[in-house]
Every structure is written in C-alpha cells, then in structure tokens.
Ligand code: 5GP
C-alpha cells in the first residue's frame, strides 16, 4: 500500500487556517487531522484528546526530551507540538495527515519530515488580518498587537514554503487548497 502524505498548513494567527481546515475536513472526511499537545489551558468547550492533549509544562518537556514530537514551538508563552506516533501510524496506513500549526514549527518540519507538503496561508493584507483578529473578540488588545507583530515576522518566511495561498475569498482559497493537496 502506498504511504499517505503529510500536509502542513500554516500562516499567521487570524488568517483563517481553522476555518479552512474545517471546510476541508467536511469535504474530505478521509483526511486525518493530527491532534496537537499544548500546555495552554482548555478554552470553554474544548475536549481533551479531540481539540488538544492538554499537558503540564514538565510533561511536555519530557515529550521533547524523548523525541516524541515531530515538531514543537513556543507560542504566546505556551508550548505546542505534534505527537509523532499517530502521524506515522496513519501515514503508514496510506492516509493523508493534516497538521494545522504555527509558522516556526512548520518551518522546522522541513528537517524532520522533508517529504511534507508545506502550505502557507496568507491574508489579503495586514489591515485585513488586523480586522479579522479584532472581530474574533477572543483576544485582549495586547494579545492582538502581539499577534500582529508576530505575523509581520511570519510573513517574511512564506516564500520558503511549497505553496502560498491567499485567503481572501474562502471558497477560492479552499478550491486552491484542494487542488494543491490532491493534484498528484
Ligand atoms: P490556539 O491557542 O489558538 O489553539 O493556537 C495557537 C497557535 O498554535 C495556532 O497558530 C495554531 O495553529 C498553533 N498550533 C496548534 N497546534 C500546534 C502544534 O502542534 N505545533 C505548532 N508548532 N503549532 C501549533
């Protein structure tokens, strides 16, 4: 049986990665979305093992030391990382595995998994990104400004990715994403 693909979706906070992933999974339920580990606290409604594996900092650091993560990064004072075991298991079974992760982790995956298809989602403009971050109403003013500053840095490395998709119109971006993932 042929191995599955590892597809990595990244881009700045507020760019619409989550919405794109949900739309993609609704149309392609055979895709396997990797569940990340994080040290941040669960938000209301989030479920252990479905949204994330919620870990203490020492438990996360043990996973790092024991090489149990395909990639990891610090984001907004917390750790986030992709447990390697499930990803390898699904790929061996021939399934395509999707990661939705921030930009530093997506950059380092090139070393740990060179065959990964790495896709960078761009906002139409920084102004529009700011507008989206504000209209989510989930973050404080300081958090929004931090995320925007980080976005400026993140956008600088977008050229290093296999594919760049601008998320202006969701349906157009989704179509482009599907073509990229399923084109060979
Ligand atoms: P949130 O706290 O809003 O759920 O996620 C914050 C950021 O962490 C998002 O950009 C999300 O894509 C990213 N993220 C989630 N899981 C992982 C992971 O396993 N690794 C990395 N590097 N980033 C992740």
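All of the numbers you see were taken from the coordinates with simple rules; none came from a lab. This is a predicted model, so every value here is computed, not measured. Neighbour counts are summed over all protein chains in view; Cβ atoms, including those assigned to glycine, are modelled from backbone coordinates with ideal geometry.
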- Task: Could you grab the pairs with beta carbons closer than 8 Å, sequence gap of 6+ or different chains, first residue in segment 79-92 and free of Cβ contacts under 8 Å to residues at least 40 places away in the same chain, second one outside any helix (DSSP H, G or I) and more than 9 Å from the ligand (Cβ to nearest atom)?
- Result: 84/67; 84/68; 85/68
- The lone exception for residue 60 - which of (1) surrounded by 17 or more Cβ atoms within 10 Å (Cβ to Cβ); (2) under 17 Å from the mean Cα position of the chain (by Cα); (3) within 14 Å of the ligand (Cβ to nearest atom); (4) under 22 Å from residue 33 (Cβ atoms) it fails: (2)
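With the condition kept exactly as written, say whether any residue in segment 111-130 is in a helix (DSSP H, G or I) and within 17 Å of residue 69 (Cα to Cα). So that I can check it myself, show each step before the final result.
Our first condition is that a residue be in a helix (DSSP H, G or I); within segment 111-130, this holds for 111-112, 126-130.
Next, from what is left, pick out any that are within 17 Å of residue 69 (Cα to Cα): 111-112.
Among the residues of segment 111-130, at least one is in a helix (DSSP H, G or I) and within 17 Å of residue 69 (Cα to Cα), which makes the answer yes.
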- Query: What's the number of the condition residue 17 fails, among (1) under 27 Å from residue 135 (Cβ atoms); (2) more than 10 Å from the ligand (Cβ to nearest atom); (3) in contact (Cβ under 8 Å) with a residue 60 or more places away in the chain?
  - Reply: (2)
- So which pairs qualify, if the first residue must be in segment 37-55 and free of Cβ contacts under 8 Å to residues at least 12 places away in the same chain, the second must be not in a loop (DSSP other than H, G, I, E, B), the Cβ gap must be under 6 Å, and the two must be at least 6 apart or on different chains? 48/54
